[in-house]
């Protein structure tokens, strides 16, 4: 099936990380930026990530991207969407005004409004915490993935976080006042249960489609291994394909059962913010039993599957930003991944060394600096 392809036409950097001024005009296929560690390759990806998702590559504070002793940084990018229309995204950060996001000359006040306009997947070695880290890392992965393709999910997620904060504050108030009954708590609990059911329902539907792509990709990179991704609901055991009503009933009942416990602990004890994704290999939990190589391959497959999921849902292939993806991989695995990426539209990869492969545009970071200073 032919799909529309989003691509980055150009981006300029001013006072961003270690780049005083730099211009990048990537090709439409696979771009390989190679050079020694510390030369600014990751910063190039991070600037693109800012323009696509309004934040740094690994969620670092905006001020950390400011060049030493400089008062501002500016990123100015031009993307071309699947309809061949240009999208100009500027990110301006100053210490005084904080961050501005300007799209086609109009400032975006709520950054969440920009999410999904420039669909983007990323890989970074530090993201291995998605596989072996705390449950919050896996929740962030699933939330970020769905939010780029489903505006309702993003709105529900933001609403859930807001009501959750209010409900926790109310639980603390009831605990301090030694109260056990509150009409406001009943109302707020019902509101939270409805949003929670909607989020969990969307997550389960997402995983069903996502895992179809994940399993197919994993079989290309690893043999004799059977992966699985399970959704563990904090409200209790759920059926394989639950309805929205079933989830709401389950959550509402659980809230009634743990009401006294929640007041005593002054926090909401169940819900999407407490649910867990469990990654398995051959029926064993990967973070407990897998090797470093298996975990890294699992992470790479998660990211490559994001691309296929985005493409299927939106009909448009997203931009891929892959930082140091080939380190610790053997030659065959590297070739397998490059073969997959050849079908993925525009990809920008960083590497410590040059890779020889057909259909790659290889660019030395040293030549970048000389041509852009």
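The values are calculated or read from the model by the stated rules, or taken from the named source; none is laboratory data. This is a predicted model, so every value here is computed, not measured. Don't worry about glycine lacking a Cβ; one is built from the backbone with ideal geometry, like all the others, and counts go over all protein chains shown.
Quick notes on this structure:
Residues are listed down the side, and each one gets a yes or a no for (1) surrounded by fewer than 16 Cβ atoms within 10 Å (Cβ to Cβ); (2) out of contact with any strand residue (DSSP E or B) (no Cβ under 9 Å at 6 or more places or on another chain):
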site	(1), (2)
204	no, no
208	yes, yes
220	yes, yes
230	yes, no
244	yes, yes
250	no, yes
254	no, yes
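- Restricting the range 1-17 to residues that are touching a strand residue (DSSP E or B) at 6+ places or on another chain (Cβ under 7 Å) and assigned to a loop (DSSP other than H, G, I, E, B), the residue that is surrounded by the fewest Cβ atoms within 10 Å (Cβ to Cβ): 3
- Condition met for residue 327 (closer than 30 Å to residue 15 by Cα, surrounded by fewer than 16 Cβ atoms within 10 Å (Cβ to Cβ) and modelled with pLDDT under 90): yes
- Verdict on residue 326 being under 29 Å from residue 209 (Cα atoms), under 25 Å from the mean Cα position of the chain (by Cα) and in a loop (DSSP other than H, G, I, E, B): yes
- Some residue of the range 81-100 being touching a strand residue (DSSP E or B) at 6+ places or on another chain (Cβ under 6 Å) and without any contact (Cβ under 8 Å) to a residue 12 or more places away in the chain: yes
- Tally, over the range 32-48, of residues that are in a strand (DSSP E or B) and buried (at least 20 other Cβ atoms within 10 Å of the Cβ): 2
- Per-region count, the range 64-80, residues more than 19 Å from residue 108 (Cβ to Cβ) and under 21 Å from the mean Cα position of the chain (by Cα): 1
- Pair list, Cβ under 6 Å, 6 or more apart: the range 173-193 residue in contact (Cβ under 8 Å) with a residue 24 or more places away in the chain, other residue surrounded by fewer than 11 Cβ atoms within 10 Å (Cβ to Cβ) and in a helix (DSSP H, G or I): none
- Some residue of the range 33-40 being within 20 Å of the chain's Cα centre (by Cα) and within 20 Å of residue 122 (Cα to Cα): no
- Top-ranked residue of the range 180-192 - restricted to ones that are surrounded by 15 or more Cβ atoms within 10 Å (Cβ to Cβ) and over 25 Å from the mean Cα position of the chain (by Cα), ranked as nearest to residue 335 (Cα to Cα): 191
- Selected residue (criterion: modelled with the lowest pLDDT) from residues of the range 60-91 that are surrounded by fewer than 13 Cβ atoms within 10 Å (Cβ to Cβ) and closer than 17 Å to residue 7 by Cβ: 83
- Among the candidates 146, 142, residue that is in contact (Cβ under 8 Å) with a residue 24 or more places away in the chain, touching a strand residue (DSSP E or B) at 6+ places or on another chain (Cβ under 7 Å) and crowded, with 20+ Cβ neighbours inside 10 Å: 142
- The condition of being in a loop (DSSP other than H, G, I, E, B) and within 22 Å of residue 324 (Cβ to Cβ) holds for only one of 69, 60, that being 60.
- Matching residues, the range 18-30, being in contact with a strand residue (DSSP E or B) (Cβ under 8 Å, 6 or more places away or on another chain) and either surrounded by fewer than 20 Cβ atoms within 10 Å (Cβ to Cβ) or part of a loop (DSSP other than H, G, I, E, B) (or both): 20, 21, 23, 25, 26, 27, 28, 29
- If you go through the range 259-299 and pick out every residue that is closer than 21 Å to residue 183 by Cα and in contact with a helix residue (DSSP H, G or I) (Cβ under 9 Å, 6 or more places away or on another chain), you end up with 11.
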